[in-house]
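Here is the structure we will look at.
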Amino acid sequence: MNISTPSDWHSDRVGAAERGENPTVITRMRTGWAVMGDTQHLPGYVLLLYAGTADQLTDLPVRERGRFLTEMSLLGEATLKAISARDSTVDRLNYEILGNSWHHLHAHIHPRYSWEPMPWRTGPVWRYDASHRDAPEHALGPRHEELKEAIAAELRTALLP
């Protein structure tokens, strides 16, 4: 894969995925791109980036909304299976469609773990402050490749006709 400089692919994540330049890509799905989150403070944080042009879920025709939401759930299921095979402390998944800071339809899927400290364990993942979330030791990197591949393998199984 041709990896561009971070500033290149960060500014156009979907376009970079289409060009094979986004290193976070797990796989192409029908409605979008399954990608790893830039931060892995909660290992297995993934997103589904809509491949078309839409700001909000309600911008899509009803059938396309259903496809996107179904694929979001399949990505979550694949992620949970991949993590559970490696870590028994995964507790559940949280799904979010926000769009407040990036006006392009995308869904966040956050694994939640029993080892998370209170009160973060019982609240939204966004309660983690940036000093924790964005700490260099949590940055997506080569040590996450095995998990990324495991999620991709689970997705291939889930997406079979």
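The values are calculated or read from the model by the stated rules, or taken from the named source; none is laboratory data. All of these numbers come straight from a predicted model, not from anything done at the bench. Backbone-built Cβ (ideal geometry, glycine too); neighbour counts: all protein chains shown. In case anyone asks, the SASA skips ligands and DNA or RNA and just uses the protein heavy atoms, side chains included. Shrake-Rupley method; radii C 1.70, N 1.55, O 1.52, S 1.80 Å.
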Summarise the accessible area of the chain (1.4 Å probe, protein heavy atoms) by the percent that is carbon and sulfur. 53 percent
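Compute the Cα gyration tensor for the range 115-161, then decide on rounded, prolate or oblate, letting a ≥ b ≥ c be the square roots of its eigenvalues: rounded whenever a/c is under 1.5, prolate when a/b is larger than b/c in the other cases, and oblate in all that remain.
Note, shape of the range 115-161 comes out oblate.
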Note, the range 80-95: 3J(HN,Hα) by Karplus (6.51, -1.76, 1.60, θ = phi - 60°), whole Hz, Gly/Pro = x, goes 4, 5, 5, 5, 4, 5, 10, 8, 7, 8, 5, 9, 5, 10, 10, 10
Of the candidates I97, I26, I83, which one comes out as most mobile in a Gaussian network treatment of the chain with C-alpha springs shorter than 10 Å? I97
Mind running the shape call on the range 70-158? Use the C-alpha gyration tensor, a ≥ b ≥ c as the square roots of the eigenvalues: rounded below 1.5 for a/c, prolate if a/b tops b/c, oblate otherwise. rounded
If the chain between D8 and D134 were fully extended at 0.36 nm per residue, the gain over the current Cα-Cα distance would be 43.4 nm
Measuring with a 1.4 Å probe in the full set of protein chains, what accessible area per residue, in whole Å², belongs to the range 1-146? 53 Å²
Radius 12 Å from Cβ of T31, net charge of other residues (Lys, Arg +1; Asp, Glu -1): +3
Counting only C-alpha contacts under 8 Å and six or more residues apart, can you give the relative contact order of the chain as a whole percent? 24 percent
